[in-house]
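Presented below is the structure to which this report refers.
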Amino acid sequence: MKKYDVVALGELLIDFTENGTSAQGNPIYEANPGGAPCNVLSMLTKLGRKTAFIGKVGQDIFGNRLRTVLEEVGIDTSNLVTDGEARTTLAFVETFPDGDRDFSFYRNPGADMMLAEEEVDTELLKDTAVFHFGTLSMTHEGVRSATKKAIAAAKEAGAVISFDPNLREPLWKSLDDAREQVAYGLSQCDVLKISDNEIQWFTGEEDYDAGICRLRAQYDIPLIVLSMGKEGSRAYYKDLRVEAAPFLQEKTIETTGAGDTFGGCCLNYVLEYGLHNFDKARLKEMLTFANAAASIITTRKGALRVMPDKEEIQVQIEENMKCGKNG
């Protein structure tokens, strides 16, 4: 038995999301704690899993607040490092009428970029069942080395490696650089969570199945879960291709954190059944649960502090079944 179910490494930042307008007609921004890896950990913690985070924040009001938030939701912060010079990364989120969004990052440099290889606590990685990472910790050389060190330590200890590209184009010097690092992540992972636009971008295939087929021909990834927004999700496992319908919400206000919520729920099923014990029914159950959870988070500002619990997700599934949806 490992001490931690999931350890993640990556960015921890503030998402400034629009929340109304002032009397003068100016947008009002709410400072929501965010960062994809910690969103994933928060969802897992809400489901009763033991989690820990490896990353870096600034010695400023936002860094202090983020550390407090992680501790409040139950994520181990023993390897959350504070940088005395670089400020905590900020992201301003523009939300479109359909709930989709665009990001403007203040990260030049941000503290998360400054995590050094020697600051990674390999003892955490020896004691986790799953290690999760994305690509925001691979945009610059120093933190890239730290990420690769963590992956190697986790693999050596027998952890399942989980990867979500979570591509944010403005943060890369070039998309060729991004492609190289995504390819590295794909070569290392056992579980891949990828979005519809990412599979199209990486493979050049408009058809999702064709893109996944191309990916699987090049990389030996046991489980791939594909999030498709309003089209639902799919899982590709051995010779199985399983699809689940979306849970469309009338009260959707933004999609920030929906993919992370979905990914966290999928990792919960990997922990529950083991990577090599899925069948069609379990994959369908996993996707349905993950879709329901992701739909709930789209009705809330931010994600990290407001993840749904298991009972709330089950209620969402039952309500949809009563209406003849997602059956």
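The values are calculated or read from the model by the stated rules, or taken from the named source; none is laboratory data. Note that the coordinates shown come from a computational prediction; the quantities given were computed from them, not determined experimentally. Every residue, glycine among them, receives a Cβ derived from its backbone with ideal geometry; neighbour counts consider all protein chains shown.
Structure notes:
- Inter-residue pairs, beta-carbon under 8 Å, first among the acidic types (D, E) and in segment 67-82, second modelled with pLDDT under 95, 6+ apart: E72/R305
- Within segment 82-96, tally of residues that are of a type in the set (V, I, T) and buried (at least 20 other Cβ atoms within 10 Å of the Cβ): 3
- Qualifying residue in segment 141-153 (condition: under 15 Å from the mean Cα position of the chain (by Cα) and free of Cβ contacts under 8 Å to residues at least 60 places away in the same chain): no
- All positions within segment 297-327 that are part of a helix (DSSP H, G or I) and either in contact with a His (Cβ under 6 Å, 6 or more places away or on another chain) or crowded, with 23+ Cβ neighbours inside 10 Å (or both): I297, I313
- Conditions (1) buried (at least 24 other Cβ atoms within 10 Å of the Cβ); (2) acidic (D, E); (3) part of a loop (DSSP other than H, G, I, E, B): number failed by D112: (3)
- Checking each residue in segment 210-242 for being touching a helix residue (DSSP H, G or I) at 6+ places or on another chain (Cβ under 6 Å) and among the basic types (K, R) picks out only R214.
- If you filter segment 260-298 down to residues that are of a type in the set (S, T, N, Q) and under 18 Å from the mean Cα position of the chain (by Cα), you find that the one that is farthest from E72 (Cα to Cα) is T288.
- Qualifying positions in segment 26-66 - assigned to a strand (DSSP E or B), surrounded by fewer than 19 Cβ atoms within 10 Å (Cβ to Cβ) and either aromatic (F, W, Y) or free of Cβ contacts under 8 Å to residues at least 40 places away in the same chain (or both): P27, I28, Y29, A31
- Of all residues in segment 50-81, those being in contact with a helix residue (DSSP H, G or I) (Cβ under 6 Å, 6 or more places away or on another chain), more than 15 Å from K3 (Cα to Cα) and β-branched (V, I, T) number 3.
- Just one of (1) surrounded by fewer than 24 Cβ atoms within 10 Å (Cβ to Cβ); (2) within 20 Å of Y4 (Cα to Cα); (3) among the aliphatic types (A, V, I, L, M) fails for L167. It is (2).
- In segment 83-101 there is no residue that is more than 28 Å from S187 (Cα to Cα), in a strand (DSSP E or B), within 20 Å of the chain's Cα centre (by Cα) and free of Cβ contacts under 8 Å to residues at least 60 places away in the same chain.
- Among the residues of segment 6-47, those identified as more than 28 Å from E118 (Cα to Cα), modelled with pLDDT of 95 or more and in contact with a helix residue (DSSP H, G or I) (Cβ under 8 Å, 6 or more places away or on another chain) are M43, K46, L47.
- In segment 115-146, the qualifying residues are those that are within 16 Å of L41 (Cβ to Cβ) and among the polar types (S, T, N, Q), and the one that is surrounded by the fewest Cβ atoms within 10 Å (Cβ to Cβ) is T128.
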